[in-house]
Amino acid sequence: MKQKKTDILIIGIGLAGMTAAITAAKSGKQITLITKTNSLQSGNTPWAQGGIVYKGLNDSPQKLKQDILNAGSGHCWEDAVDHLCEQGPNLVKKILIDSLNTKFDRFNNKLKRVAEGAHSDSRVIYNQDKTGLSIHRSALKYLQKLDNVEILTNHTAIDLLTFSHHSTASTDIYKKPACFGAMVLNNRNNVMPILSSKTILATGGLGQLFMHTTNPKEATGDGIAMAWRAGARCFNLHYIQFHPTALYHPSGRFLISEALRGEGGKLVNANSEEFMQNYHKLGDLAPRDVVSRAIHTEMIKNENDCMFLDISHRKSDWIQNRFPTIYEHCLLKGVDITKQPIPVVPAAHYSCGGVGVNLVGKTSLKRLYAVGEIACSGLHGANRLASTSLLECIVWGHYAGKDAIENKDDGDYFPPMDEWKQGKGQVDPSRIAQEWQTIKSTMWNLGGLIRSQEKLHSAMHILRNLQSDVEKFYQTSQLEKNIISLRNGAQTALAIIASSLEARESKGTHYVSDNQ
Ligand code: SIN
């Protein structure tokens, strides 16, 4: 079987994976990044509108820490919070501002800052409403100049390679579980192993498991499914954050950044009445889980399909310059945000749980790291503070990249393997569409914003059967990208529901109406 070998394999090209590559590449080792997408603009990073936490003018690591702990509903891992608060701003300066030259908005050459929900200071820096895109482009540009870094598009990871699952040396089962790369479907529909001393999972989010999401179509929970099958520990999977404000439009949801509320936007009902002060003392800038549930409650109470976000009191030129992406997208959909309130509803946005990692991104499997949204560092607890996700990518990406080049971890053993066996069945696209419909509607209606024991049990029943059918379908079919994503989506959806049923209490984003 044809195979490829590299020092460090990074699966995913969002900010976390790219930051790991930037740091690891300094060692001169061979770094290979793969993405399943056709485009280099892949994952949630380019879609992040609001900004990245840096530091406010009167800020301190302690103030940021307190805000993260408050938003996380008492469930954050304090060591992870300290790590981010102490290292984060320095790494933003060193990596984004000084090395990558990322564009951020400035006034008189000083960085502009905005406050977002549950922040006690204006500490979020931004580039209009396309911060993620600016960061993504600058990181990609930097990496593309490095000789020891290759980026392969249209390369879909199928499974992580582990001693226990893939070695044909029977006594490898006694070794400490370890990962030695990934089985990958390449763009010519060939399957080949990419062997690596270290593997970094950076596959991003899972919003596409839900009917309505702010995430791009590639966000299908691939990393959690692969880690789960490989036996890496995953936790906090039930903490799914719903962004309170996605554009409500029949053509689909679109993120309306929290920065709009940071800049004075108000949530109102169909009668233009504000309502957030009835739910939290921080009003429109309450933590996201509170705002999402408040919108949901108001929609039910008033029998409305959506609520509204109004920024039209600000000057039209200012709005168009500060939020050009949102302005143009909404205008295309018939909403002029400079003149009228924006119809909004909550949508699945971010997974606070994932593959469990330590402060340098190491998972419970040797030679395997996880960074970014796929990982659970414990930083976000039960609900993530706005604009901390890109910062987490920088901090954990950097430390994982550093550890991967420094830590030997028996990274030079590559066991013998069997040939890949390919199924023969033709894939029927309508079958894939049908299974996705079931996953999305089950997760949205039974495992969404407001859960109940009964709904979760019902979801479990549906998804257990579905996952088992999909696994069989996968094994007997000729492999292609769509079936790999479906298999992962089914696995991750089931894992989220299992985790929700096991959770002992309603907390943060995991709200169970009959389990207070
Ligand atoms: C937003 O701009 O509201 C999304 C950014 C984030 O999720 O932190």
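Taking amide H as placed 1.01 Å from N in the peptide plane, residue 379 has its amide H under 5 Å from the amide H of 77, each at least 5 places away in sequence or on another chain.
Taking the beta-carbon count within 10 Å as an exposure proxy, list 323, 107, 414 from fewest neighbours to most.
Working: 323 26, 107 7, 414 16.
Result, fewest neighbours first: 107, 414, 323.
Label sites at residue 144 and residue 431, each approximated as a point 7 angstrom past Cα along Cα to Cβ, lie 3.9 nm apart. For segment 108-194, trypsin sites (Lys or Arg not before Pro) are listed when DSSP marks them as loop and at most 11 other Cβ atoms sit within 10 Å of their Cβ; the list is 145, 188. Which shape class applies to segment 395-443: rounded if a/c is under 1.5, otherwise prolate when a/b exceeds b/c and oblate if not, where a ≥ b ≥ c are the square roots of the Cα gyration tensor eigenvalues? Because a/c hits 1.5 or more and a/b fails to exceed b/c, segment 395-443 counts as oblate. Just list whichever of 362/481; 94/130; 29/198 have alpha carbons separated by over 19 Å in the model shown. From the list (362/481; 94/130; 29/198), the Cα-Cα distance tops 19 Å for 362/481; 94/130.
Over the chain, DSSP H runs of length four or greater, each weighted -39,500 (n - 2.57), average out per residue to a 222 nm ellipticity of -11000 deg cm²/dmol. Would you mind getting me the FRET efficiency between residue 26 and residue 122? Use the beta-carbon distance for r and R0 = 30 Å, nearest 0.05. In this case the efficiency is close to 0.35. Axis angle, to the nearest 10 degrees, between helix 78-91 and the longest C-alpha principal axis of the chain: 80 degrees. Between residue 271 and residue 457, the distance separating the two model label sites (each 7 Å from Cα on the Cα→Cβ line) works out to 4.0 nm. May I ask for the distance between the Cα centers of segment 44-60 and segment 9-34, given as a whole number of Å? Here the answer is 22 Å between Cα centres. In order along segment 295-304, phi translates into HN-Hα couplings of 4, 4, 4, 5, 4, 5, 4, 9, 6, 10 Hz, rounded to whole numbers, per the Karplus curve 6.51 cos²θ - 1.76 cosθ + 1.60 with θ = phi - 60° and x for Gly and Pro. Roughly how many Å is it from the Cα centre of segment 445-482 to that of segment 220-271, as a whole number? That distance is 20 Å.
Qualifying trypsin sites (Lys or Arg not before Pro) in segment 434-516, where qualification requires a DSSP coil assignment and no more than 10 other C-beta atoms within 10 Å, comprise 504.
Full extension of the chain segment joining residue 465 with residue 302 gains 55.0 nm, where the gain is 0.36 nm per residue of separation less the Cα-Cα distance.
If I fit a long axis through the Cα atoms of helix 389-406 and take the longest principal axis of the Cα atoms of the chain, what angle between them do I get, 0 to 90°, rounded to 10? Taking Cα atoms only, the helix is inclined about 20 degrees. Cβ-Cβ distance of residue 315 and residue 41, R₀ of 35 Å, FRET efficiency by 1/(1 + (r/R0)^6): the value works out to about 0.65.
Starting from the Kirkwood Rh over alpha-carbon pairs, what translational D in µm² s⁻¹ does segment 1-158 have by Stokes-Einstein at 37 °C and 0.692 mPa s? Don't jump to the answer; show the numbers that get you there.
Values: Rh = 17.1 Å.
Rounded to a whole number, D works out at 192 µm²/s.
Is segment 381-516 rounded, prolate or oblate when judged by the Cα gyration tensor, a ≥ b ≥ c being the square roots of its eigenvalues, rounded requiring a/c under 1.5 and prolate requiring a/b larger than b/c? Here segment 381-516 falls in the oblate category. In the chain, the longest principal axis of the Cα atoms and the axis of helix 131-144 are about 30 degrees apart. Rounded to the nearest 5, the antiparallel percentage of DSSP beta bridges internal to the chain is 60%.
Extension gain, residue 94 to residue 424: 0.36 nm times the residue separation minus the Cα-Cα distance gives 113.7 nm.
Tell me whether segment 329-378 comes out rounded, prolate or oblate; compute the Cα gyration tensor, take square roots of the eigenvalues as a ≥ b ≥ c, and use a/c under 1.5 as the rounded threshold.
Working: a/c = 5.06, a/b = 4.14, b/c = 1.22.
Verdict is prolate for segment 329-378.
Relative to its Kirkwood radius, the Cα radius of gyration of the chain gives an Rg/Rh of 0.96.
Look at 82, 129 and count the other Cβ atoms within 10 Å of each Cβ; fewest to most, that gives 82, 129.
If you rank 299, 443, 276 by fewest surrounding Cβ atoms within 10 Å, what's the result? Write down the numbers at each step before the final one.
On the way: 299 18, 443 26, 276 23.
Going from least to most buried by this count: 299, 276, 443.
Backbone N atoms of segment 401-434 closer than 15 Å to the 7 Å Cα→Cβ label point of residue 3 belong to residues 411-421. For segment 98-111, putting each phi into the Karplus relation 6.51 cos²θ - 1.76 cosθ + 1.60 with θ = phi - 60° gives couplings of 7, 8, 8, 6, 5, 7, 10, 5, 9, 10, 6, 6, 9, 4 Hz, in residue order, rounded to whole numbers and with x for Gly and Pro. Sequence-ordered 3J(HN,Hα) estimates for segment 21-34 from the Karplus curve with 6.51, -1.76 and 1.60 and θ = phi - 60° stand at 5, 4, 6, 5, 5, 4, 6, x, 5, 7, 10, 10, 9, 10 Hz, glycine and proline given as x.
Bear in mind that the values in this text are calculations on the coordinates, not laboratory data. As the structure is a computational prediction, the values presented were derived from the model and not from experiment. Neighbour counts are summed over all protein chains in view; Cβ atoms, including those assigned to glycine, are modelled from backbone coordinates with ideal geometry.
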